[in-house]
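See structure below.
Derivation of every value follows stated rules applied to the coordinates shown; laboratory data play no part. Note that the coordinates shown come from a computational prediction; the quantities given were computed from them, not determined experimentally. Cβ coordinates were reconstructed from backbone atoms using ideal geometry, including for glycine residues, and neighbour counts include every protein chain displayed.
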């Protein structure tokens with residue numbers, strides 16, 4: 001299967017692999033996909049509560065090269081954006097940037113879902129106030145690396 | 001120097017042995033006669049070469065030369081065996097017995113038979129991929145005309161107890177077909193001892209050319225009859241018309257001759273390489289699982305699931321070795337391997353499987369290179385895998401409510 005140079009680059013040198021403490025109120029975590037389907041993405045953002053700017057982003061992905069590349073790219077794009085700007089990231093932009101073939105479009109959809117889930121998790125924590133503890137029920141892990 | 005990528009996909013196809021190519025070449029440019037031409041030396045020479053090849057093919061399965069029918073490959077052989085028998089014995093019955101991990105050439109032919117009004121029983125396999133003679137016995141009815149069970153599986157390498165099944169079929173008076181594509185040259189085969197009535201084999205899986213295969217059709221005790229699926233000039237005892245592709249047939253014959261004379265050495269060598277690869281990977285990586293039978297398997301086949309790592313993603317990391325994966329991402333259907341599913345391997349582990357097929361031309365140095373590469377890449381991808389992190393933290397991945405997509 002031919003991969004684009006950009007997919008190969010992100011696969012070989014993934015950006016921002018890792019984890020944040022999911023219980024940190026400034027961290028939003030999105031976990032999407034399913035192991036039986038062959039891909040799971042976890043995307044995390046760390047937001048500056050004063051400015052609303054995403055200061056850092058991390059991912060871990062179980063999946064094919066295109067899934068790894070899509071999530072790696074997503075973390076790059078998230079950094080420096082405000083939460084509102086991040087909401088505007090569309091999977092089609094990921095498809096275009098990585099030159100994903102039609103059979104791999106679902107990887108970009110999953111990355112968009114992961115972004116949205118992480119942003120929602122962060123927003124939910126803000127809405128719940130400073131006492132916010134943990135995160136959405138879909139993500140049970142309690143500590144990052 | 002090792003050629004890159006290392007070819008380790010010998011269950012998919014094999015390099016044509018240079019000795020086979022050498023045997024074939026004169027039949028393109030010098031001895032190019034039609035084996036059916038009875039009136040001149042070109043034809044006689046071609047016919048003689050075809051009959052010599054037929055003898056080598058028969059010898060590797062313990063048959064006589066007259067019982068070998070040439071086809072375009074094992075897909076056609078399986079089609080001819082199943083459809084040909086079903087049509088010819090229609091008055092006797094309309095029931096066929098096969099099993100879940102057969103090649104698609106058998107399963108899809110059975111699906112066609114079902115659409116045409118036949119009944120097909122697909123026997124389940126155990127966790128190693130084996131079906132047992134008592135299952136076949138229980139499935140037989142007075143309408144059963146054919147049992148079709150492969151000799152060895154192409155994905156997981158599991159050997160089926162075809163001798164027990166063949167003898168049962170003999171006892172019950174039911175015809176027995178086996179798809180022996182993966183087994184020829186790797187497992188001793190004897191159609192008499194094993195009670196086989198029809199047997200499919202292919203050139204390109206045994207270091208012969210692509211585009212040629214054969215079907216063994218028993219001539220006595222009982223004499224098996226087939227409804228031909230291709231009509232024409234009445235070649236091959238009327239069972240398969242079409243001008244014989246003499247160079248390909250010579251190649252298949254040469255490949256079978258080598259398979260027979262070199263089988264003992266080759267089995268010992270590929271088995272040793274397989275064990276070196278298996279232990280070189282599995283002893284160094286936790287949570288790896290061997291798919292298929294631990295001992296009753298093809299000498300060169302290793303199929304391993306690597307927990308927390310997706311198969312296609314892994315193949316990208318080990319692109320310096322040519323292998324196959326049971327991952328959905330590598331198939332057009334987006335479903336993980338039906339063979340692994342039939343064994344009860346969970347979808348997440350099916351997605352994580354890699355098939356290594358060691359063959360005649362692989363070396364110890366290649367095996368060591370591949371083992372190191374796989375260990376390194378699996379470790380790297382696990383560090384990148386959220387599932388691995390969860391498992392390290394003691395989270396049961398199966399208890400998470402995943403959003404299926």
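With an a/c value of 1.5 or above and a/b not larger than b/c for the gyration tensor axes a ≥ b ≥ c computed over the alpha-carbon atoms, region B:344-400 is described as oblate. Computed over region B:155-261, relative contact order equals 21 percent, with contacts defined as Cα pairs under 8 Å that lie 6+ residues apart.
Of the peptides A:59-67, B:250-258, the order by per-residue mean of other Cβ atoms within 10 Å, starting with the highest, comes out as A:59-67, B:250-258.
Note on region A:50-80 and region B:44-109: Cα centroid distance 55 Å, given to the nearest whole angstrom. The stretch between residue B:92 and residue B:143, if pulled fully straight at 0.36 nm per residue, gains 17.7 nm over its current Cα-Cα span.
Restricting attention to the protein assembly as shown, close to 70% of DSSP beta bridges with both partner residues there are antiparallel. For the residues of B:304-311, the average number of beta carbons from a partner chain within 10 Å of their own beta carbon is 2.
Taking all C-alpha pairs of region B:118-177, those more than 19 Å from each other amount to 25 percent. Between the helical axis of B:74-88 and the dominant principal axis of chain B, each derived from Cα atoms, what acute angle in degrees is found, rounded to the nearest 10? Around 60 degrees separate the two axes. Length gained on full extension, residue B:295 to residue B:36, computed as 0.36 nm times the residue gap minus the Cα-Cα distance: 88.6 nm.
Here, the protein assembly as shown yields an orientationally averaged convex hull projection of 28.3 nm² when only Cα atoms define the hull. Binning the alpha carbon pair distances of region B:131-255 at 10 angstrom intervals from zero yields the distribution 12, 38, 35, 13, 1, expressed in whole percent. Counting every pair of alpha carbons in chain A, the share spaced more than 21 Å apart comes to 37 percent.
Hey, what number do you get for chain A at 222 nm if only DSSP H runs of n ≥ 4 count, each worth -39500 (n - 2.57), divided across all residues, to the nearest 500?
Rounded to the nearest 500, the figure is -12500 deg cm²/dmol.
When chain A is treated as a Gaussian network with alpha carbon springs shorter than 10 Å, the biggest mean-square fluctuation among A:50, A:124, A:24 belongs to A:50. Ratio of alpha-carbon Rg to the 2.2 N^0.38 Å globular estimate for chain B, to two decimals, please. This ratio for chain B stands at 1.04. The angle between the Cα long axis of helix B:162-172 and the main principal axis of chain B comes to about 50°, on a 0 to 90 degree scale. Kirkwood hydrodynamic radius of region B:36-177, from the reciprocal of the average inverse Cα-Cα distance over all distinct pairs: 16.7 Å. Relative to the longest principal axis of the Cα atoms of chain B, the long axis of helix B:41-60 makes an angle of roughly 50 degrees.
Counted over chain A, the DSSP beta bridges are approximately 95% antiparallel. Peptides B:343-351, B:282-290, B:317-325, ordered by how many other C-beta atoms sit within 10 Å of their residues on average, highest first, read B:343-351, B:317-325, B:282-290.
If a/c stays under 1.5 just call it rounded; otherwise compare a/b with b/c (prolate if a/b is bigger, oblate if not). Do that for region B:176-334, with a ≥ b ≥ c from the square roots of the Cα gyration tensor eigenvalues.
prolate
In terms of packing, defined here as the mean over residues of other Cβ atoms within 10 angstrom, the peptides B:172-182, B:212-222, B:261-271 line up highest first as B:172-182, B:212-222, B:261-271. Considering only A:23, A:51, A:92, the mean-square fluctuation computed in a Gaussian network model of chain A, springs between alpha carbons under 10 angstrom, is largest for A:51.
Calculated mean residue ellipticity at 222 nm for chain B: -12000 deg cm²/dmol, from DSSP H runs with n ≥ 4 weighted as -39500 (n - 2.57), summed, divided by the residue count and rounded to 500. Per the Kirkwood formula applied to alpha carbons, region B:31-71 shows a radius of gyration over Rh ratio, Rg over Rh, of 1.05. Here the calculated FRET efficiency for residue B:403 and residue B:132, from their Cβ-Cβ distance with R0 = 30 Å, stands at 0.15, rounded to the nearest 0.05. Each of residue A:96 and residue B:276 was given a label point 7 Å from its Cα along the Cα-to-Cβ line. The distance between the two points is 5.2 nm. The mean number of Cβ atoms from other chains found within 10 Å of a Cβ in peptide A:106-117 is 1, as a whole number. Taking a ≥ b ≥ c as the square roots of the eigenvalues of the alpha-carbon gyration tensor, region A:22-98 is classed oblate because a/c is 1.5 or more while a/b is no larger than b/c. Bridges between two residues of region B:20-179, per DSSP, are antiparallel at a rate of about 10%.
If you split all Cα-Cα distances of region B:106-147 into 5 Å bins from zero, what percentages do you get per bin, shortest first? Calculated over all Cα pairs of region B:106-147, the distribution is 5, 19, 26, 25, 18, 7, 1 percent. Inter-chain neighbour count for B:347-360: the average number of beta-carbon atoms from partner chains within 10 Å of each residue's beta-carbon is 2. Computed over region B:226-276, the Cα gyration tensor eigenvalues convert (square root of 5λ each) into semi-axes of 36, 13, 8 Å, ordered from largest to smallest. Run the Debye formula on the Cα coordinates of region B:10-113, all scatterers equal and no solvent, and tell me log10 I(q)/I(0) at q = 0.22 1/Å. Calculated log10 I(q)/I(0) at the listed q: -1.22.
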